[in-house]
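Each remark here refers to the structure printed beneath this line.
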Amino acid sequence: MPVAASRTPSAAMSETLAKRDPAIDGWDTEVIAEQVNAELKVIGGFLAHPDEIDIEQVNALTADGFSCTPLRPTDLEPIPGIKSPTVLRPAWEADQALPTHRLKTGATPSGASPESRAVEGLAAALGDLAAPFEPGADVRVKFKIIGVKAEAASPLQNDLIETEAHYFAVGHSSRGLVQQNANWHCVWTRADPQARPLLKSIQVTDYEEIIGPERGGAIFADCTTAVLGANPSFHEQLLPGLNHWRARLQASLGVDLFGYQGLAIGDVNGDGLDDLFLCQPGGLPNRLYVQNEDGTATDMSAAAGVDLLDRSSAALLIDLDNDGDQDLVVMAYDSVLIYSNDGAGRFSSAAEVAHSSSSSMAAADYDLDGDLDLYLCGYSAPTGRDNTPIPYHDANNGLPNRLLRNDGGWRFTDVTASSGLEVNNRRYSFAASWEDYDNDGDADLYVANDFGRNNLYRNDGGVFTDVAPVAGVEDISAGMGVTWGDYNNDGLMDIYVSNMFSSAGNRVSYQRQFRPGDDDATRALFQRHARGNSLFANLGDGTFRDVSTDAGVTMGRWAWGSRFLDINNDGLQDILVANGYITNEDTGDL
């Protein structure tokens with residue numbers, strides 16, 4: 001039987017496939033980034049196994065006349081006032097935060113200038129950098145290239161390439177867990193575009209070293225199994241993961257790829273102990289784990305009447321009827337489900353409000369009438385032709401957010417338009433948080449948007465005005481979460497916004513060929529989109545100052561939710577950032 005000839009891809013498909021290869025697509029700087037990343041991985045291997053550093057291997061990395069600053073500064077000093085962990089920085093960086101972006105800003109890097117060290121000097125510098133780690137320790141090393149600048153070669157000289165990279169390493173030492181963060185400015189040379197880049201110099205522009213608790217101690221310990229492990233539902237439903245269930249449940253039930261399921265914590269039975277409600281994908285029961293006196297938790301989902309099979313994305317445990325117990329609000333796929341608590345941790349359906357494609361919600365008494373109201377975030381665009389964010393970096397075509405006023409008796413009225421919250425209300429919202437930032441006695445609202453400008457709705461007697469532009473907190477980026485806290489102890493609430501940090505975005509968006517038809521202002525928005533998280537200091541006059549870079553808090557990786565909290569009990573608000581994205585085993589099928 002003859003074998004059918006393979007179909008030739010269409011012109012459009014061929015163009016799309018070609019763009020997967022930066023060499024074909026004309027992105028020489030991305031080709032360089034891949035080449036340089038391969039060389040930095042070799043250096044990472046040396047650091048992970050310093051006893052195996054070979055001069056000949058190091059020599060193969062470097063060009064004639066190589067020079068570098070110390071990779072681990074010799075004048076490290078502890079930052080005063082920090083109880084735990086210990087943070088060391090060089091004296092020349094005492095008043096400077098991580099990271100700087102020299103390739104983009106033109107700023108002069110801190111610290112010493114590169115000095116001639118030759119190959120032996122680089123080997124010694126690598127050994128010094130690895131010195132804090134115990135011999136044979138499992139040291140993990142990672143580089144992220146955030147900037148590339150290449151000069152065209154003349155007929156008489158080699159290409160010169162400058163790169164900026166974040167360096168991270170973590171491993172055990174005799175003093176405890178050690179983490180190193182640094183910025184490396186590297187200059188490379190190559191004989192031709194196909195040749196291996198060789199290092200001309202390394203300049204460390206930022207460095208800090210964190211020493212955690214001694215071996216055996218930890219700031220946090222994973223107690224998940226200890227708390228939940230006695231429940232069959234933990235082993236049978238929670239541990240297998242999304243890929244397991246996506247292969248076993250119908251897609252129509254709502255087992256999505258991204259795992260957009262939240263949780264809520266509250267005391268459901270009035271015993272003074274916090275309990276845990278977990279949202280689940282469609283087809284898997286939502287779970288309520290009630291805490292016992294010994295710190296374990298028992299699955300009471302069915303007994304409490306909350307083992308819902310609806311696809312759920314968010315939940316709140318709050319007192320909606322002012323009877324002193326925690327009621328339950330669950331964000332399901334096409335509605336908000338509201339349950340009344342009988343005071344002993346048993347729930348009954350009290351209300352249901354239609355609402356589609358939501359990501360999260362937040363509660364506050366916005367109108368000061370004595371009961372809690374609900375703000376519901378909307379996300380996906382309406383079905384139809386325009387169902388993607390338009391424009392990508394400044395979209396306003398998503399589903400609307402809604403404010404539900406609590407009128408008592410389990411009745412809720414949509415007051416989005418009459419309260420002023422319909423303005424700028426279709427920006428693919430991921431999270432919202434209430435706080436009285438202007439200290440006038442009512443709750444204001446910040447909304448983090450994934451594909452558009454963020455909102456700060458100032459509350460004036462129950463009527464809202466979006467003041468984000470004039471307050472300086474629009475934060476055009478991929479907004480995932482928001483938290484309020486007084487990080488500088490000045491009595492004013494500051495804002496921390498979780499966004500996506502993108503090393504590729506930082507590289508690409510500063511190249512001349514990136515969106516050449518756009519003006520500088522539009523290109524700056526895309527560059528800002530890749531920068532990462534944002535910290536805004538409340539100035540007390542209705543405006544905020546962006547202190548993100550100065551405070552060193554932009555690099556939260558692919559950040560989701562964040563929280564201000566005092567981790568080390570020193571009276572200062574620290575920031576905990578949840579980050580990451582989809583991970584999976586490589587099946588080799590593509």
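The values are calculated or read from the model by the stated rules, or taken from the named source; none is laboratory data. If you're wondering where the values come from, they're calculated on a predicted model, not measured in any experiment. Neighbour counts run over all protein chains shown; Cβ positions are idealised from the backbone, glycine included. What goes into the accessible areas is simple: the full protein's heavy atoms, side chains included, and nothing from ligands, DNA or RNA. Shrake-Rupley method; radii C 1.70, N 1.55, O 1.52, S 1.80 Å.
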Item to check | Estimated inter-spin distance, A38 and N396, nm [label 7 Å along Cα→Cβ] | outcome: 4.8 nm
Next on the checklist: Can you show me the helix-derived [θ] at 222 nm for the chain, built from DSSP H runs with n ≥ 4 at -39,500 (n - 2.57) apiece and divided by the number of residues, rounded to the nearest 500.
Outcome noted: -4000 deg cm²/dmol
Next on the checklist: Among A315, N406, V547, which residue has its Cα furthest toward the positive end of the charge dipole of the chain, with +1 on Lys/Arg Cβ and -1 on Asp/Glu Cβ?
Outcome noted: V547
Checklist outcome for this item: Cβ-Cβ cut-off under 12 Å around Y333, Lys and Arg +1, Asp and Glu -1: the net charge is -2
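How far, in nm, would the chain grow between E52 and T413 when pulled straight, counting 0.36 nm per residue and subtracting the alpha carbon separation?
On the way: separation 361, 0.36 × 361 = 129.96 nm, distance 6.89 nm.
This chain segment gains 123.1 nm when fully extended.
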Checklist entry - Around G481, which amide H atoms from residues at least 5 apart in sequence, or from another chain, sit under 5 Å from its own amide H, with H modelled in the peptide plane? => result S498
Checklist outcome for this item: In nanometres, the difference between 0.36 nm per residue of separation and the alpha-carbon distance of A521 and T74 is 156.7 nm
Checklist outcome for this item: Here the gain from full extension of D490 to R248, 0.36 nm per residue of separation minus their alpha-carbon distance, amounts to 81.8 nm
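May I ask you to list the chymotrypsin sites (Phe, Trp or Tyr not before Pro) in the stretch 253-295 that are in a DSSP loop and have at most 14 other Cβ atoms within 10 Å of their Cβ? Before the final figure, lay out the partial values.
Values: sites: F258, Y260, F277, Y289; in loops: F258, Y260.
Sparse-neighbourhood loop chymotrypsin sites (Phe, Trp or Tyr not before Pro): F258.
Calculate the FRET efficiency for Y581 and Y333 from the Cβ-Cβ distance with a Förster distance of 25 Å, rounded to the nearest 0.05. Spell out each step's value before the answer.
Numbers: r = 22 Å, r/R0 = 0.90.
For Y581 and Y333, the calculated efficiency is 0.65.
Using Cα-Cα distances under 8 Å and only pairs 6 or more residues apart, what relative contact order does the chain have, in percent?
On the way: 1334 pairs, mean separation 46.0, N = 590.
The value is 8 percent.
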Next on the checklist: Give me a comma-separated list of calculated 3J(HN,Hα) values for the stretch 407-414, in order, Karplus coefficients 6.51, -1.76, 1.60 applied at θ = phi - 60°, integers in Hz, x for any Gly or Pro.
Outcome noted: 9, x, x, 6, 10, 10, 10, 6
Checklist outcome for this item: Taking placed amide H atoms and a strict 5 Å upper bound, the residues 5 or more places from L160 or on another chain that come that close are E151
Item to check | Spin-label pair L239/D342, simplified geometry with 7 Å Cα→Cβ offset, distance in nm | outcome: 3.3 nm
Checklist entry - Does a label point 7 Å from the Cα of L565, set along Cα-to-beta-carbon, have any residues of the stretch 67-90 with amide nitrogen under 20 Å, and which are they? => result 83-86
Item to check | Positive minus negative residues near V482 (Lys, Arg vs Asp, Glu; Cβ under 14 Å) | outcome: -3
Item to check | Within straight-line cross-link reach of K144, aspartates and glutamates at Cα separation under 20 Å, skipping those fewer than 8 residues along the same chain | outcome: D21, D28, E30, E34, E39, E162, E164, D206, E208, E209
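How much net charge surrounds S502 when only other residues with a Cβ under 11 Å from its Cβ are counted (Lys, Arg +1; Asp, Glu -1)? The partial results should precede the final answer.
Numbers: positive: K144, R507, R531, R557; negative: none.
Local charge sum for S502: +4.
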Checklist outcome for this item: Reduced to Cα centres, the span from the stretch 450-521 to the stretch 254-323 in Å works out to 31 Å
Checklist entry - What are the radius of gyration and Dmax of the stretch 300-402, computed over its Cα atoms and given in Å? => result 15.9, 49
Checklist outcome for this item: Between the modelled labels at T225 and D323 (7 Å from Cα along Cα→Cβ) the distance in nm is 4.1 nm
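Order these peptides, 401-409, 570-578, by their mean beta-carbon neighbour count within 10 angstrom, highest first.
Values: 401-409: 19.3, 570-578: 15.2.
Order by mean packing, descending: 401-409, 570-578.
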Item to check | Burial ranking of peptide ranges 448-455, 55-62 (average Cβ count within 10 Å, highest at the top) | outcome: 448-455, 55-62
Checklist entry - Near the amide H of A63, under 5 Å away, which other amide H atoms are found, from residues 5 or more places off or on another chain, if H is placed in the peptide plane? => result L199, K200
Checklist entry - Using a 1.4 angstrom probe and counting only protein chains, how large is the accessible area of R507 in Å², to 10? => result 30 Å²
Checklist entry - Between A471, N459, P132, whose Cα lies farthest towards the positive end of the dipole of the chain when Lys and Arg beta carbons carry +1 and Asp and Glu beta carbons carry -1, centred on the Cα centre? => result P132
Checklist outcome for this item: So the angle from the long Cα axis of helix 28-48 to the longest Cα principal axis of the chain, reported in degrees to the nearest 10, equals 90 degrees
Item to check | Net charge dipole size for the chain [Lys, Arg +1 and Asp, Glu -1 on Cβ; Debye, nearest 20] | outcome: 2420 debye
Checklist entry - Hey, what did the stretch 269-355 get for relative contact order, percent, Cα under 8 Å, at least 6 apart? => result 23 percent
Item to check | Charge dipole magnitude, Cβ of K and R +1, D and E -1 - the stretch 348-437, Cα centre, debye nearest 20 | outcome: 500 debye
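Where the only charges are on Cβ atoms (+1 Lys, Arg; -1 Asp, Glu), what is the dipole of the stretch 437-590 about its Cα centre, to the nearest 20 debye? Working shown, then result.
Numbers: 11 positive and 24 negative charges, 150 e Å.
The calculation lands at about 720 debye.
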Next on the checklist: I need the calculated FRET efficiency for the pair D28 and D64, taking r as the beta carbon distance and R₀ as 30 Å, to the nearest 0.05.
Outcome noted: 0.80
